[in-house]
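Written out below as C-alpha cells is the structure these notes cover.
The values are calculated or read from the model by the stated rules, or taken from the named source; none is laboratory data. Bear in mind that the values here come from a model prediction, so they are computed numbers and not experimental data. Quick reminder, even Gly has a Cβ in these numbers, built from the backbone with ideal geometry, and neighbours come from all protein chains shown. Note: areas computed on protein heavy atoms with side chains; ligands, DNA, RNA excluded. Shrake-Rupley method; radii C 1.70, N 1.55, O 1.52, S 1.80 Å.
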Amino acid sequence: MDPPPRPRVLRLALLLLLLASPAALAWKKDEFRNCNQTPFCKRARTRAPHSLDAPLSLVAGSLAVSPEGSLTAELSHPSRPRPLLLRLSALPPHALRLQIDEDYSANTPPSRRFHVPDVLLPDVDSRALHLSKPKTVAGVSTVALSSDLDVVVKHDPFELTVRRAGSGDPVLSFNSQGLFDFEPLQELKPEGETWEEQFRSHTDTRPRGPQSITFDVSFYGADFVYGLPEHGSTSLALRPTRGPGVEESEPYRLFNLDVFEYLHESPFGLYGSIPFMIAPGWDGAASTENGRIDTLWMAEAGVVDAFFFVGSEPKDVIKQYISVTGTPSMPQQFAVAYHQCRWNYRDEEDVAGVDAGFDEHDIPYDVLWLDIEHTDGKRYFTWDRSTFPNPEEMQRKIADKGRKMVTIVDPHMKRDSGYHIHEEATAKGYYVKDASGKDYDGWCWPGSSSYPDMLNPEIRDWWADKFSYQNYKGSTPTLYIWNDMNEPSVFNGPEVTMPRDAIHIGDVEHRELHNAYGYYFHMATSDGLLKRGEGKDRPFVLSRAFFAGSQRYGAVWTGDNTADWDHLKSSIPMVLTLGLTGMTFSGADVGGFFGNPEPDLLVRWYQVGAFYPFFRGHAHHDTKRREPWLFGERRTALMREAIHMRYSLLPYYYTLFQEASVTGVPVMRPLWLEFPDDKETYNNGEAFMVGPSILAQGIYEEGQKSVLVYLPGTELWYDLRNGSPYKGSVSHKLQVSEDSIPSFQRSGTIVPRKDRFRRSSTQMVNDPYTLVIALNSSGSAEGELYVDDGKSYDYQQGAFIHRRFVFADNKLTSINIAPDSLGKKVYSTECVIERIIVLGLSSGAKKAIIEPGNQEVEIDLGPISLRSGSKSVVPTVRRPNVRVVDDWTIRIA
C-alpha cells in the first residue's frame, strides 16, 4: 500500500483574548499607543533570541499522563513565586492543544488569570485523544501525536517541537528562540514600584500589576504566513516586521479598535481580532533555514491556550480549526444577495424613493438598511416618529416585493432616565463598571453612555429578549439587525475604547476580554433574533467587531473604508484573510464609506464587490448620494450588469455557503487554497477564487488599460462573459474592458445559475436553472447544487435538495448526495433546468437524449448569458426541462 500523505500545511491558532502588539498610524497617531509606549510590548520586543536579557529559562519536570489522557508537566524556575502548569492534549486528526497557567496551589494571588468562556465548542475537551506515556531519553520526552507526527518536549531549557515521526524533521516549535515569558501575578505591589500607566490624559490603574505573556513559534518549511485579521493590507501574505533585510515596523496588533479612516496598508489593529495564523509548508524544506518563519506573540494578560493544526492540504487545516471554534452559520437566501445602505436614509419617503429607484432602473436588491438616525435620539430599539411614523407599514411595503430591512443596534446605551433600556439595565446592575465600581460612563453617539456587561450570560439573555416584537416596538418578521461600534467604541476612552481597568462580572478586568466583547454582543443579538422567530427563522446579524468563533453568529464587514483605489485593492486580502480564519460571510463597503468615489472607481468596486460573500453598498452621511443610477446611463448599465451577475450566480453562492456551514471552507478563497501545489499562487492577493470553480481578478488602478492575470493549474479556463478558453499555468496579459473585470470558470467544473432577472432573490425561487459545464482535457466536469427553503432550520431535519452533476463520456448525470439520516422533513420544488451550456464541447453535436424517457432535445449555439447583446457562441442544450429534484441522465448524441 502507498504511504499516507505527509502533512504539509500548518496552522497556528492562539485563543488569547488580548494579543496587544501595538501599532501606530502615520496620522492621528497620538490617539493610539505604539509598541514603545506600551511597556510589556517594548520589553518583549527588545529581547534578542537566546540573549542574556531573555526571560529566565524554565525547566519542565514531573511529566505525566493524566487520567483523561493529557500530558501534564510543571514549568519552574527558582525565582518564580509559583510554577506554571502545562497541559498538552491531542484532537483528531493532527491537532495539538497547549495550555499554560500558573499553579495557584502553592500560594494564591488576590486574583487568578481569566480563561475565555463560550468561545470554543463545548465538546472540545471530550473529543481529546488519550496520549500514550512519553518516552524520555537524555532530558527529552517524546509522545506520539498521530501515526506520522510526534511531540517532543525538551526539559532544560523547556522547548516544545512537533516533528515528523519518520524523518524527525521539525514542523513547528514553541520556545525554540528562548523568548517564552510568563510574568507571575503578584500578591502585593513591591514597595516603591509603580503599576499605573499613563497614556495621554488617561490612567490605567493596573491594580493587578504586570501579567503579560510572550512566546515564540517557528514554522518550518514555510515561505509565507497568513492570517491575523484585522488590518489593512494590499498583501495577502503577512509581511515581516523585523529581521535581516527588513525595514522594522510596528508589530501586527490584535486589539479591537474603532479606527476613523484606517490606512489601507498598516499592521495596525482594526475592528476585530482573530489570533490565528496559517503557513503552507513544503516537503523537503523543513530542515532548511530558508524554509523557516519565526513569529513572536505578545499578550498583556490571560493564559496560553494555543492550538497547532497540521494537515496534508490547506482545507484539512481549516476544517480542524472550525472543529474547535464552530462552523459558520447558514445564512438565509436573501442575505447572500445585494444590500443597499447609507448613513442615513432620511425618512419613510426617502426609503420608498430608493426602493422604487431600483425597480425603475431594473436593478435587483434584497435589503434596505437604516443607520443610527432612524432612532429617537440614538436610543436603540426606538424610532424617530417624526421621520419614521409608521415603521411596520414601511417594512410591509418593502416585504411585499420580497425584500427585507435592517436597523442598527449598538452596545452604547444612552444614559437617559426616560429611556426604558437604560432604566432597566441600571436597576438590575447590568452595566460594565469602572475601576471604582460605579457604572462605567463613556461618550458615544448618544452622548453619555453605558455598556451592558455581555460577559454575563444572564445579561446576554436579557439583551436577547429585547428583540421580541413586544419589546422592539415597530419591528416585524422581515427586520434584521446590524451591530456596529461593538469593539466597544468609546469616543472619550483611551484609544477610543473602554478603559482596560473597567470591571466585568467575576471581577474580570476589561483588558482580559476586550477582544471578545463584540463577540459576546454579536452572540446575544443573534440569540435574540432566534428567540424572536421561536427557533424557526435563521438570524441575520452583521457585526463590526469579531473574535474566533464569531462565524457562528453571522456576518462581518471590513469597517469604515475610504473611496479610493488603494482601499478597493486592499479589500481583497482583507476579505480573503477573514475567510481563512472562519469568517467566510464578509465583505467591504462597496464604493468606500468615507469620501466620494469617482464614477469609474464606483463601477469597478461594484464589479469586484459582486464577488464578495457579503455584498453591500454603504456610505457616510457627509458623502454625496450614490445609488447606482445616479452616474449616467452607461455607468448605471455597468453597475446593473455587475449586480445582475451576482443574482445569476446566487444558486452557486448558496451552495458554497452550505459547504462552508459544514466544513468551514470559505466561499471566497485565495488561489492557493484550490492550488496548494502551485507556488505562483502563494503571494497573489489581487486575484481570488469563488468556490472551486470561478476565478476573478480585480481592476485596481484608474484608467488601467491591461492587466496580468495568472491562471493556475494545467487545464483550460473559460472567460465567464464569452466562453473564450485560456491556458492554465500561464500569466495572460489581457486588455481591460469597462464592461467587467477578468473572470473565468475553471475547466472540469459545473456552475449552477438562474438567469431570469427579478426584483429580489425571493422572486427567483421558482425560476428555472442554467448549468454551465466547462469540460477539462478528459472531457469531464462536475459540480453541486444545494437548495432548501432559504429561511428556516428545516434543512437540519433533511428538508433540502443536494445534487451532484457529473459529466463524463458525453453524459451528464444528476446524483442525489443528500444523506438519509438527518430527519423526516422533505423539501421539494418544481424547478427545472432550462439550459445546459457546455464549454469545450465539439460544435458538431446536435442532439441530446434524456433518460429516463428517451426524450430527444436539440443542441445548438446559444449565448453564454441572457443579457442584452450577447452573441450565440456556445453549444447549448435547450429546454431539457429536467427537474432538479430528480435523478436523470442527458447523453450527448
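Values computed for the structure shown
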quantity	calculated
Residue among Arg758, Arg804 that is open to solvent by 20 Å² or more (accessible area, probe 1.4 Å) and in contact with a helix residue (DSSP H, G or I) (Cβ under 6 Å, 6 or more places away or on another chain)	Arg758
Every pair of residues 6+ apart whose Cβ atoms lie under 7 Å, when the first sits in the range 622-643 and is over 22 Å from Ser760 (Cα atoms) while the second is assigned to a loop (DSSP other than H, G, I, E, B) and open to solvent by less than 70 Å² (accessible area, probe 1.4 Å)	Thr623/Gly595
Residue match in the range 40-50 (condition: part of a strand (DSSP E or B) and open to solvent by 40 Å² or more (accessible area, probe 1.4 Å))	no
Subset of the range 154-173 that is of a type in the set (A, V, I, L, M, F, W, C) and within 21 Å of Pro92 (Cβ to Cβ) - its residue that is surrounded by the most Cβ atoms within 10 Å (Cβ to Cβ)	Leu172
Residues being assigned by the TED database to the domain that holds His618 and either free of Cβ contacts under 8 Å to residues at least 40 places away in the same chain or basic (Lys, Arg) (or both) - total across the range 288-347	3
Segments classed as strands (runs of 3 or more DSSP E), wholly inside the range 236-338, with at least 1 members that are over 25 Å from Phe675 (Cα atoms) and open to solvent by 20 Å² or more (accessible area, probe 1.4 Å)	292-299, 304-311
Residue check, Leu841 farther than 26 Å from Thr655 by Cα, of a type outside the set (S, T, N, Q) and modelled with pLDDT under 95	no
Residue within the range 789-802 that is within 28 Å of the chain's Cα centre (by Cα), within 17 Å of Arg883 (Cβ to Cβ) and part of a strand (DSSP E or B) present	yes
1 or more residues open to solvent by 60 Å² or more (accessible area, probe 1.4 Å) and closer than 18 Å to Ile750 by Cβ: qualifying strands (runs of 3 or more DSSP E) within the range 808-893	811-816, 872-883, 888-892
Search result, residues across the range 346-366 that are outside any helix (DSSP H, G or I) and closer than 13 Å to Pro628 by Cβ	His361, Asp362, Ile363, Pro364, Tyr365
Counted residues, the range 82-93 - those being open to solvent by 30 Å² or more (accessible area, probe 1.4 Å) and under 22 Å from Leu149 (Cα atoms)	3
Selection from the range 682-710 of residues that are among the polar types (S, T, N, Q), in contact with a strand residue (DSSP E or B) (Cβ under 6 Å, 6 or more places away or on another chain) and open to solvent by 10 Å² or more (accessible area, probe 1.4 Å)	Ser706
Yes/no for Gly437 being in contact (Cβ under 8 Å) with a residue 12 or more places away in the chain and of a type in the set (Gly, Ala, Ser)	yes
Residue match in the range 195-203 (condition: open to solvent by less than 30 Å² (accessible area, probe 1.4 Å), of a type in the set (A, V, I, L, M, F, W, C), in a strand (DSSP E or B) and out of contact with any helix residue (DSSP H, G or I) (no Cβ under 7 Å at 6 or more places or on another chain))	no
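Listed here are the residues, each with its yes/no results for (1) of a type in the set (Val, Ile, Thr); (2) within 30 Å of Tyr520 (Cβ to Cβ); (3) in contact with a Gly (Cβ under 8 Å, 6 or more places away or on another chain); (4) in the same structural domain as Thr46 (by the TED database).
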residue	(1), (2), (3), (4)
Asp101	no, yes, no, yes
Leu120	no, yes, yes, yes
Ser132	no, no, no, yes
Arg164	no, no, no, yes
Val171	yes, no, yes, yes
